[in-house]
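Reviewing the structure listed below.
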Amino acid sequence: MDKLLKRIAEVQLELARKIVERPLPLDDVSTVGAVDVSYKGEKARSAFVLCSFPECRLLKARTIETTVRFPYIPTFFFLRETKPALMAIGKERPDVLLVEGHGRAHPRGYGLASHIGLILNVPTIGIAKRLLRNTPEGSWAKVGKAYVSVGHLIDLPSAVKIVKALSRGGYPLPLKLADELSKGKRNERENRASD
């Protein structure tokens, strides 16, 4: 396993060089998606929500359940979470996607948000509740309770503006909704747009 993880770490460093950081004008954003995954053993329940921007009106919601066999290993989270996250997102391509996980704020500069952004070729923002050890300085910003980082096709100042516009109670509302859905605390048909 150590040899495999070492090779995967090398691949992460290679993929990190493909991440594009560029400004994203807020005028270009009318929809924001968010994806989150919760686990019970090997069962993953992932949720995707699509909201209007900046009003944060819930437009769509979807949950899926699947089996995940890859264990949780710090800094290799993307190996466990990519499949259920992509299944929940499906064919949706929001103007911006919030991912519960890191982007550039990662010891190798390539977390889950960067991986999903690269696969889908959409602007992605990594959102996390805490930093990983050895996270590079300048790769993140704190907005309320959220650690914000570039996923792909956006820069940090643009990401911060978007997260600030979506924050309710210190955390971006679309991710709060996705989190509640993934944990079964909310029904997909509920259409509450604010707390």
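The values are calculated or read from the model by the stated rules, or taken from the named source; none is laboratory data. The structure presented is a predicted model; accordingly, all values stated were derived computationally and were not measured. Cβ placement follows ideal geometry from the backbone for every residue including glycine, while neighbour counts extend to all protein chains displayed. All accessible areas refer to the heavy atoms of the entire protein, side chains included, with ligands and DNA or RNA removed. Shrake-Rupley method; radii C 1.70, N 1.55, O 1.52, S 1.80 Å.
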Give the number of residues within the stretch 38-68 that are within 17 Å of the chain's Cα centre (by Cα), basic (Lys, Arg) and more than 13 Å from LEU177 (Cβ to Cβ).
1
Consider ALA61 carefully, then state whether it is touching an Asp or Glu at 6+ places or on another chain (Cβ under 7 Å), among the hydrophobic types (A, V, I, L, M, F, W, C) and either touching a residue at least 24 places away in the same chain (Cβ under 8 Å) or part of a helix (DSSP H, G or I) (or both).
yes
Qualifying residue in the stretch 90-99 (condition: surrounded by 19 or more Cβ atoms within 10 Å (Cβ to Cβ), closer than 15 Å to ALA178 by Cα and modelled with pLDDT under 95)
no
Anything in the stretch 163-188 that is in contact with a helix residue (DSSP H, G or I) (Cβ under 7 Å, 6 or more places away or on another chain) and under 16 Å from ASP28 (Cβ atoms)? List them, or say none.
LEU166
Would you point out which residue out of CYS56, CYS51 is open to solvent by less than 10 Å² (accessible area, probe 1.4 Å), on the phi > 0 side of the Ramachandran plot and touching a residue at least 12 places away in the same chain (Cβ under 8 Å)?
CYS56
With the condition kept exactly as written, say whether any residue in the stretch 9-26 is assigned to a strand (DSSP E or B) and either buried (at least 16 other Cβ atoms within 10 Å of the Cβ) or at pLDDT 95 or above (or both).
no
Spans of strands (runs of 3 or more DSSP E) in the stretch 93-193 with at least 2 residues within 24 Å of PRO23 (Cβ to Cβ) and under 12 Å from the mean Cα position of the chain (by Cα)
96-100, 124-128, 146-152
